[in-house]
1. Pull out all pairs, ordered by first then second residue, where Cβ-Cβ is under 9 Å, the residues are six or more apart or on different chains, the first lies in segment 15-39 and is outside any helix (DSSP H, G or I), and the second is of a type in the set (Ser, Thr, Tyr).
2. Regarding segment 804-822, can at least one residue be identified that is in a helix (DSSP H, G or I), modelled with pLDDT of 85 or more and either farther than 23 Å from residue 846 by Cα or not acidic (Asp, Glu) (or both)?
3. Consider residue 479 carefully, then state whether it is assigned by TED's automatic domain parsing to the domain that holds residue 545, over 30 Å from residue 386 (Cβ atoms) and in a helix (DSSP H, G or I).
4. So if I check each of 710, 706, 723, which one is modelled with pLDDT of 90 or more, surrounded by 17 or more Cβ atoms within 10 Å (Cβ to Cβ) and within 28 Å of residue 906 (Cα to Cα)?
5. Is segment 587-594 home to any residue that is within 30 Å of residue 227 (Cβ to Cβ), without any contact (Cβ under 8 Å) to a residue 60 or more places away in the chain and either basic (Lys, Arg) or outside the structural domain of residue 225 (by TED's automatic domain parsing) (or both)?
6. How many residues, within segment 567-612, are among the aromatic types (Phe, Trp, Tyr) and closer than 19 Å to residue 520 by Cα?
7. Tell me the residue from 216, 262, 209 that is basic (Lys, Arg) and touching a strand residue (DSSP E or B) at 6+ places or on another chain (Cβ under 8 Å), please.
8. Could you list all residues from segment 470-480 that are without any contact (Cβ under 8 Å) to a residue 40 or more places away in the chain and closer than 21 Å to residue 436 by Cβ?
Amino acid sequence: MVVSLCLFIFAGKKALAPDIVFTVVAVFNIIKSMLTLSVLGAGQYAQAMVSLQRLSDFMDRKTSPVVTDKTQHTMQAQRSDRRIPSSSTTQVLGEFNRTQACLDVEFARCGLNVITGDTGSGKTLLLHSLLLGGFGNQGNIGLGKAQFEPIAYASQEPWLFRGSIKDNIVFGTAYDQKRYERVIRDCALEKDLAAFKDGDLKEVGECGRSLSGGQRQRVSLARAMYTNANVVILDDILSGLDPSTFEWVVTRCIFRSQQQNRTMIMVTNSQKILQMADLVIHMENGRITQVKKNLSVKKTQGVPDTDYVDCLFRDRPEASETISATFGSTECSDETGPVSAEASNECADFQRVSSLRYGFKYLRSFGSRPFVTLAVISAVGAQGLEIGLPAWLSIWSAISVRNEQEGRDGFYLGVYTGLGSAQIAILAVSLLLLYSGAWRSSRDKHMEMISAIFGTTYSWIWSTPVGQVINRFSSDIASLDDTLFRSFRPVLETYLSIGLRILTVTSLIPLFFLPSVTLSGFAIYVGYRYRFAATAVKHLYTASLTPLHHSIAETASGMKTIHAFRAQGMLQKRFNAAVEHHVQAWNTVSDLQRWLAVRMDIFVALISCSAATLAILRPHSSAPVVGLSLTLTTGLCTALLYLVYLSSLLEVEMASYCRIENYIQELPQEVSSAKLDACAIEHWPTGGLISIENFGASYSLDGEEVLKGVNFRANPGQRTAIVGRTGSGKTSLALSLLRLTTRTRGSISIDGVDIESIPVEKLRQSISFIPQDPTLLDGTIRFNLDFNGEYDQGYLQSILDDVAGTRQWRLDDTVELNGRNFSQGERQLIALARAMVSKHKILIIDEGTASLDKATEGRVMAVLRDRFSECTVIAITHRLHSIVDFDQVLVMGDSQVLETGNPRHLLEGGESLFKAFSLQQCGTDAVISGNLRDYHQS
């Protein structure tokens, strides 16, 4: 603009007439708008290109080979040296660090095929290879024609999608009521469903969280049994079942399927199933070492011991009746945590966000009061100078018309240039302050939300969908990082601009006040209607992201199951429905924007026409005044249109800020009732004495009690086992020791100190806890053993060698996301090693050896006895052979301790619950018979 004025005045030797200068100003304003839009468009184009490149890279990835020979009729794996490739799409096993070599076996058609072997021997990998099919480096592996048909598959870690129990069992197939009821009965789910208020319509929640571990396994098994697939593949699906349920499922489900001309391939070390198998395959280090048909009762090298098989068929009605009568007949979902009440729809309790209130709150989060004040003053100054520039041109042109400048064009041009430079400088300061404040606000809110989630209650974690949390940390945080501030800053500047423009035009043309107020009322009404609708629709749009994120994560985690059942179509329909809902919400947002634009165009035309008419009809109107008025009025129209749009957008984006604030302020936090200072408990606990007196607990303040009057004592160095049916309260008791439940009565003390008086961080840092499904982080084994880098390499390697056995593990070995390049048993071994590293006085094991074979479990228990000889150990288990030498055992049922005592004394004495429990397990798993027989016969 300055260059144009210089050329016009000094090169053209012409006077600065109002009709010329304000026309030029209008043209430059249009060019300015176009340049602004082009810059925004260039940024969006760059983002689009990055997204397209990522999509292209993803689509160009190589996929796993598929079987193409549809004429193959024999179900066999011939001389395969197959390696399962890493794939983020299927999430099979990652880049496996060993191969299956020299596999040569033909499975028994219409029979029970059992794959057994030590932990990490390649059993699960062989099943995955069968599911994927295809060719290895030598030979091929697959299921023949069955490779192209649905395969019934139940994974070691049950995969359930968000829906009802019935939906998960039927899994998109035709509903057959008789078949469905039979499967429910065979999988021992009848009494569980009867205990649920909604029966089989009960929502399983996120990843099946509203069900116990045993219930999830049986629902997964029921899904496999419900299909008409000729091939059934089960990957150690029964490891989490209590003895009585195990006995029922094996007899009514596994063996019945064998009699229905279905080919079953199963991974297990259960002696009853091994004894009844048509074919037993034993694996070691990724190789098939032995294949046995019609397994005899004699021991054979490499095949688990089958002595005392007569124990399998003993009729022990008294044991079964005692267990059923005492422990109850149904499993409860309390075992795994709070029942996952479905997260309420994010729009169900929608309330309009007060943009003004939250706007001031957002502005205050930019920094200190002086900082915010300086930022606002700089913004006011920048807008004042924007009005001052055309006003100075009006003065300059008026003097030029009267020929009074007398060669002073240089002075006026200098002042104009100075005003423009000052505007640029002040605007730069304003942008710098506002952007730095917005960045600080976004960073602080992000950290506060992380802190709030890390400190929230266990019940909230289990009842909140992961997709909702992802939505907060992706969509809402992205709004704070970008779109919220890009809406907030222009709204602030536009409010200032409109106010200054109205004051200026009204001072020049007083009559303009009347039409401006009238038409502004029209604009406010239209804006109100738009804002109300747009905010609600944007809430719908934002909420539609949660099921979309959840569907992606859910499908990715269950790709093996989806592939086996050939259920890609069903899951794709679910995903398409989520996408359709999301797109509909976005289209509605776009339609509302067009609705607003049409009405604002009408408003712009009316107010411009009013200003021009009043300026022309006003007596003694000068050209500079008319030009300035029209220039400011045109800018006012644009500003008002922009303000209505940005205000609605700000209110929508402010909803993201509101949701983040709600997470920070309203998320239930764990009660920190610590009464002791850090110095007093610096070396606590010193012995590991655990005393529980009349303890009751629930997973929420108003929830049902999951523990009822529990009493027991564990002396320092004592090993205590907890047994009972799934849902009896075992895990709830373990979680209570970590203060992950809400105490309703009684107390828990460690070394004489009530745990409620201990800071929760100190409490959990002082106890080692090994869950059944351990969590491994992406990195190395060393990182997963020692997160903080506190221990030397030699110490860590010695512990790793103790648990690894013959496995050649090194601390620098890679651990992929969720430990997917390790088997379930190997992940449990790494978790055990992690617990050994810290040398805490208390160790809690919640089915931490459930996926280990007998030999590995025995070695691990020996290591635990050696390294934790002076520690208090509490072990929750269904495997009684591993706890017969413990100091005491707790038998739990109906959320209470029903019996305590020394395992040997309980077995040697008269009738006891533990003895009945052990007799029933002997009837279901002969692996423990050798251990228990000595005690029964002593």
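1. 15/397; 15/400; 16/397; 16/400; 16/412; 17/397; 17/400
2. Checked against the condition, which is being in a helix (DSSP H, G or I), modelled with pLDDT of 85 or more and either farther than 23 Å from residue 846 by Cα or not acidic (Asp, Glu) (or both), segment 804-822 yields no hits at all.
3. On the way: assigned by TED's automatic domain parsing to the domain that holds residue 545: yes; over 30 Å from residue 386 (Cβ atoms): no; in a helix (DSSP H, G or I): yes.
Here the answer is no, as residue 479 does not meet what is asked.
4. Numbers: 706 fails: modelled with pLDDT of 90 or more; 723 fails: modelled with pLDDT of 90 or more.
Being modelled with pLDDT of 90 or more, surrounded by 17 or more Cβ atoms within 10 Å (Cβ to Cβ) and within 28 Å of residue 906 (Cα to Cα) holds for just one of 710, 706, 723, which is 710.
5. First, pick out the residues of segment 587-594 that are within 30 Å of residue 227 (Cβ to Cβ): none.
No, because not a single residue in segment 587-594 is within 30 Å of residue 227 (Cβ to Cβ), without any contact (Cβ under 8 Å) to a residue 60 or more places away in the chain and either basic (Lys, Arg) or outside the structural domain of residue 225 (by TED's automatic domain parsing) (or both).
6. Filtering segment 567-612 down to residues among the aromatic types (Phe, Trp, Tyr) leaves 575, 586, 595, 603.
Add one more test, that the residue is closer than 19 Å to residue 520 by Cα, and what stays is 595, 603.
The number of residues fulfilling the criteria is 2.
7. Working: 216 fails: touching a strand residue (DSSP E or B) at 6+ places or on another chain (Cβ under 8 Å); 209 fails: touching a strand residue (DSSP E or B) at 6+ places or on another chain (Cβ under 8 Å).
Within the list 216, 262, 209, the selection yields 262.
8. Step one: list which residues in segment 470-480 are without any contact (Cβ under 8 Å) to a residue 40 or more places away in the chain, which gives 473, 478.
Across segment 470-480, the qualifying residue is only 478.
The values are calculated or read from the model by the stated rules, or taken from the named source; none is laboratory data. Since the model is a prediction, treat every value here as computed from it, not as a measurement. Positions of Cβ are generated from backbone atoms using ideal geometry, with glycine treated the same way; all protein chains shown enter the neighbour counts.
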